[in-house]
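The values are calculated or read from the model by the stated rules, or taken from the named source; none is laboratory data. Computed from a predicted model, the values in this text were never measured in an experiment. Cβ placement follows ideal geometry from the backbone for every residue including glycine, while neighbour counts extend to all protein chains displayed.
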Amino acid sequence: MPERCGQYTITLSNSPTILGYAAVGGKKEGEGPLGKRFDAIFEDTHLGEETWEKAESALQREAFTRALDKTGLSKSQVQLLFAGDLLNQNIASTFGLREMAIPLLGQFGACSTMGQTLAMAATFVDSGAADLCGAVTSSHFCTAERQFRFPLEYGGQRAPTSQWTATAAGAVVVGRGSRGVRVSAVCVGRVQDLGVTDMNNMGAAMAPAAADTLYRFFTDTGTVPTDYDLIATGDLGLVGSRLCRELMEKKGLPLGENYTDCGLLLFDRDTQDVHAGGSGCGCSASVLCSYLLPQMESGALRRVLFAPTGALMSPTSSQQGESIPGICHAVLLTSGV
């Protein structure tokens, strides 16, 4: 059963296990360092659909279908889906997964949504409220640009601090199993707002939330950063990950060489013109499912703290001059391989 550990962290003792997972992406993601690790790369980022939004829905559907296929189970056995994206009213998720006919709880945590959906799925399984759950998250460069910034035809210049929204989706199926990567603990984030208003500097807006959640998790569990094989935030990019390091050092828990960020792993900043790195719900989701989980299954990594971050803004709040709050949800993944 889920149990409190300290003030903020929940430990999961009934072995909620990732039984299947998949990552799918677009052409640019396929050209990145992790491209060959994806389950599928779509050269046509329309995915044969009429609109970018329908293409993102197709990405979600494809990721979940492939993850479920790996388990050998049927969709009728999945009792709950937790899914989210960046679009208004979570339309990529609701339209993408409606044909599954699986009970759905839509989630919004901006780019932290993979952490949120995974935490929810694992907690439901651990508590006995469900035997099998899915967690799915996506983003699409073109849908995000249309909603949050400018139409692609505008052709505006991007600031050096800006990040590239991933056209990608990641999905996991969580149940109980004797083998596989376990979800051992979760730490739900608190909203942090240091007054950043620049939508082209999401890393700076989200870094305080990452540092806050990591510090609270380490304090609750009595651990330090070196107790983990890898700590992966996302998607802070270059600017935000540097700020996160500075903030953690000030808190007395400096992050070492075992710290990285999903926004720095998905793309090659030197060759792919993504400026400060990757972002979007699909960035940390696809890095989790294409890189982190396979590394854990192989035994190369055993204890990974996955801590995706999100900027909790909307076009309306930005137009009204509001600042950009951030949030970060941490999920402890362990492997007994």
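Could you list, in sequence order, the residues of region 107-118 that are of a type outside the set (S, T, N, Q) and assigned to a helix (DSSP H, G or I)?
Matches in region 107-118: Ala110, Cys111, Met114, Gly115, Leu118.
Residues in region 241-259: is at least one touching a Ser or Thr at 6+ places or on another chain (Cβ under 7 Å) and part of a helix (DSSP H, G or I)?
Within region 241-259, one or more residues are touching a Ser or Thr at 6+ places or on another chain (Cβ under 7 Å) and part of a helix (DSSP H, G or I).
Sort through Gly277, Gly282 and tell me the only one that's within 25 Å of Ala92 (Cβ to Cβ) and at pLDDT below 95.
Exactly one residue qualifies, and that residue is Gly277.
Mind checking which residues of region 135-183 are surrounded by fewer than 19 Cβ atoms within 10 Å (Cβ to Cβ) and either at pLDDT 90 or above or more than 25 Å from Pro315 (Cβ to Cβ) (or both)?
Matches in region 135-183: Arg176, Gly177, Ser178, Arg179.
Listed here are the residues, each with its yes/no results for (1) among the charged types (D, E, K, R); (2) outside any helix (DSSP H, G or I).
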site	(1), (2)
Arg98	yes, no
Leu105	no, yes
Met120	no, no
Thr137	no, yes
Thr143	no, no
Gln147	no, no
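Does Ala58 qualify as being crowded, with 21+ Cβ neighbours inside 10 Å and either at pLDDT 95 or above or not β-branched (Val, Ile, Thr) (or both)?
Yes, satisfied.
When Lys251 is evaluated against the numbered criteria (1) among the charged types (D, E, K, R); (2) more than 17 Å from the chain's Cα centre (by Cα); (3) at pLDDT below 95, which criterion, by number, is the only one it fails?
(3)
Search region 198-220 for residues being among the polar types (S, T, N, Q) and surrounded by fewer than 18 Cβ atoms within 10 Å (Cβ to Cβ), and hand back the single one that is nearest to the chain's Cα centre (by Cα).
Asn200
Quick check on this structure: which one of Pro103, Pro16 is under 20 Å from Val173 (Cβ atoms) and exposed (fewer than 15 other Cβ atoms within 10 Å of the Cβ)?
Going through Pro103, Pro16 in turn, the sole match is Pro103.
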